[in-house]
């Protein structure tokens with residue numbers, strides 16, 4: 001069911017074309033513009049609107065201001081048997097991340113597993129997209145990134161780590177890939193900010209206030225307080241593993257050294273880090289056997305007894321894949337805030353498409 | 001500070017010797033008995049008493065009943081450049097896991113990263129021990145395992161996945177390794193069971209009752225209800241990644257196919273799965289540079305502002321390493337339930353040490 005605040009429904013092709021044209025007009029190559037558009041339009045097709053084309057205007061702003069290099073070329077600067085370090089050359093984070101996960105996929109196909117650390121990247125959108133690129137080729141993809149601190153730790157007064165997302169995608173035979181994309185905060189900062197914009201209060205597990213205590217008031221976010229880590233020390237602990245693999249080991253910036261891609265003047269590189277771990281399941285098990293075992297796991301979950309009042313038991317990604325299928329058939333139901341941001345992007349390009357007018 | 005219910009304080013050496021002798025008497029080789037004792041005594045030295053020598057009597061029971069093979073020999077049954085599959089031959093899970101993480105460490109030293117999947121293992125104690133073996137040699141260790149379902153999913157009436165622990169250890173220069181060991185449930189089942197044994201109620205985020213709804217009553221656990229996943233769909237999603245890497249990809253049993261190591265008659269192999277991913281940081285960065293960056297991260301956290309009422313901000317593992325140092329200096333303060341289980345173990349061996357009498 002589309003969210004209640006849908007203001008435009010657009011085809012995947014039209015959203016992809018507008019986004020690609022915008023990147024191309026900002027100076028990206030045709031291939032890079034297309035790669036970036038695919039990340040954002042696919043994310044919207046999954047219904048993950050906080051991380052899709054909503055960010056396009058912000059990326060265009062950085063591309064014009066110079067903090068992102070339209071013709072930046074991500075490259076492998078060091079590598080070994082099953083690993084590589086990619087320098088993103090301050091290209092669009094989406095472009096760098098596609099290159100990096102493809103590098104990890106190639107390593108995995110050779111060695112069974114591959115790790116690629118990334119530096120000089122920027123915000124990379126939805127981590128799940130890159131994991132899915134791997135799963136689409138029968139590989140397990142694990143993707144993660146750091147960001148400027150916005151999430152507290154147990155006992156902290158303010159932010160300690162970024163929202164540090166992690167995602168995975170696992171090919172699942174006749175089913176769509178099992179797909180999880182989560183921040184290590186209780187909720188994404190975008191949800192808190194959206195509540196602030198709507199003037200609503202929030203559950204007391206989302207945010208800590210200026211004193212480091214839980215609060216239901218999002219009005220100061222993100223300037224005041226910090227998101228709460230998911231499950232307390234567990235989310236905090238995972239975020240530090242992600243910081244290590246994405247930021248420390250790749251040679252990228254980490255914690256407060258990361259640039260603020262959303263709120264600064266856009267002129268500086270942010271030096272975000274990211275990491276991609278890919279496993280080639282075909283090395284360990286025949287494809288049919290792995291697929292059969294995944295199908296058995298998923299069917300077992302689908303057939304498990306339900307809690308009182310629950311309609312269905314799902315595996316990770318099932319909701320996103322259902323939305324994806326509806327998006328491809330009936331168009332993508334863009335919420336108001338996404339449309340507003342797309343209009344900002346169209347102002348930058350000077351070429352608003354008919355469907356956005 | 002030792003827990004209030006300490007009933008015996010014992011040196012690491014004495015606890016290790018008793019445990020090793022017990023394994024040796026059960027038929028393990030000297031080396032395997034010593035390896036297993038080191039896992040359990042170290043876990044107690046960290047103060048993680050739910051996963052240390054408390055389980056010794058249960059392991060001895062399985063070794064005598066035949067479900068664990070005293071002279072089982074874990075071996076690599078398939079491998080490639082950066083991966084291997086280990087068959088544990090139903091040896092003690094601790095012995096198999098030490099072998100498997102060492103195999104992953106060797107792969108990582110060659111290729112930068114290594115993945116080892118394990119089948120025909122059993123309960124492996126504290127995941128953090130194996131991660132630490134890697135960190136002790138300057139490598140990043142990530143360890144995980146599956147188990148028979150005890151944790152529900154959002155919308156389920158009963159258990160869907162195991163508590164599926166994951167741990168990591170990262171070498172940190174002049175500081176002890178950053179070390180996280182967490183289950184993907186809100187809390188370990190042992191904590192719920194301990195509350196049941198004490199007749200106490202529990203927070204409503206720990207357990208779901210027979211109807212799949214949150215409950216504060218642990219009296220039916222583990223026969224009735226299920227643990228709640230940490231942070232809802234996030235813990236559930238992570239547990240399925242762990243199930244995939246530990247159980248599906250290794251060829252081990254998964255979910256309900258895993259044997260119940262604690263409650264069955266001990267005669268059957270449980271075919272637990274596990275997975276170890278090791279990364280050699282020296283491949284990507286000079287050792288001094290990696291250490292310096294980790295030290296900067298840790299110092300930044302130590303110096304961050306504190307929430308009202310908080311005494312200290314810690315990185316994962318700091319509490320365990322403080323306990324470890326105290327344990328090595330002043331002895332390990334064993335709680336009553338551990339001592340009671342050690343007495344059961346001594347009944348099995350017939351040779352209670354003086355300190356346990």
>> Please report the spacing between the Cα centers of segment B:236-299 and segment B:102-145 in Å, no decimals.
In response: 7
> Could you give, in nm with one decimal, how far residue B:329 is from each other copy of that position, shortest first, with labels 7 Å out from Cα toward Cβ?
Replying inline: 6.8
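Taking Cα atoms of segment B:100-254, Rg/Rh with Kirkwood Rh, to two decimals? Provide the component values of the computation, followed by the final result.
Values: Rg = 16.9 Å, Rh = 16.3 Å.
My calculation puts Rg/Rh at 1.03.
Please give the calculated 222 nm ellipticity per residue for chain B, where each DSSP H segment of at least 4 residues contributes -39500 (n - 2.57) and the sum is spread over every residue; nearest 500 deg cm²/dmol?
On the way: 11 runs with 136 residues, N = 357.
So the helix-based figure for chain B works out to -12000 deg cm²/dmol.
Answer rounded, prolate or oblate for the protein assembly as shown, using the Cα gyration tensor with square roots of eigenvalues a ≥ b ≥ c: rounded when a/c is under 1.5, else prolate when a/b is larger than b/c, else oblate. If you can, show how the numbers build up before the last one.
Numbers: a/c = 1.69, a/b = 1.66, b/c = 1.02.
Prolate, since a/c reaches 1.5 and a/b exceeds b/c.
For segment A:151-271, calculate the relative contact order in percent as a whole number, restricting contacts to Cα pairs under 8 Å that are 6 or more residues apart. Kindly include the intermediate steps, with their values, before the conclusion.
Values: 205 pairs, mean separation 31.9, N = 121.
Over segment A:151-271, the number comes to 26 percent.
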> So how do B:269, B:201, A:239, A:131 line up by other beta-carbon neighbours within 10 Å, fewest first?
Replying inline: B:201, B:269, A:239, A:131
>> What value in Å³ per residue do you get for the convex hull of the alpha-carbon atoms in segment B:38-148?
In response: 94
>> Can you sort B:264, A:32 from fewest to most other Cβ atoms within 10 Å of each residue's own Cβ?
In response: B:264, A:32
> Hey, in the GNM for chain A with a 10 angstrom Cα cutoff, which one of A:329, A:96, A:161 fluctuates hardest?
Replying inline: A:329
>> If you restrict to DSSP beta bridges whose two residues both lie in chain B, what percentage is antiparallel, to the nearest 5?
In response: 85
>> Test of understanding: in a Gaussian network model of chain A with alpha carbons linked when under 10 Å, which of A:176, A:159, A:74 would top the mean-square fluctuation ranking?
In response: A:176
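Beyond 26 Å, what share of the Cα-Cα pairs of chain A remains, rounded to the nearest whole percent? All intermediate terms of the calculation are to be shown ahead of the outcome.
Values: 32445 of 63546 pairs.
So the portion of pairs separated by more than 26 Å is 51 percent.
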> Any idea what the residue B:217 label distances to the other copies are, label 7 Å down the Cα→Cβ vector, nm, shortest first?
Replying inline: 4.0
>> Which of B:245, B:313 has the fewest other C-beta atoms within 10 Å, and how do the rest follow up to the most?
In response: B:313, B:245
> Looking only at Cα atoms, what is the convex hull volume of segment B:263-357 per residue, in Å³?
Replying inline: 250
>> Treating the point 7 Å from Cα along Cα-beta-carbon as the label, what are the nm separations from residue A:256 to the other copies, to one decimal?
In response: 5.3
> Of A:219, A:143, A:97, which has the largest mean-square fluctuation in a 10 Å C-alpha GNM of chain A?
Replying inline: A:219
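Any read-out appearing in this document is the output of simple, stated calculations on the displayed coordinates, not a laboratory observation. As the structure is a prediction and not an experimental result, all values here were calculated from the model. So basically every Cβ, Gly included, is an ideal-geometry build from the backbone, and we count neighbours across all protein chains shown.
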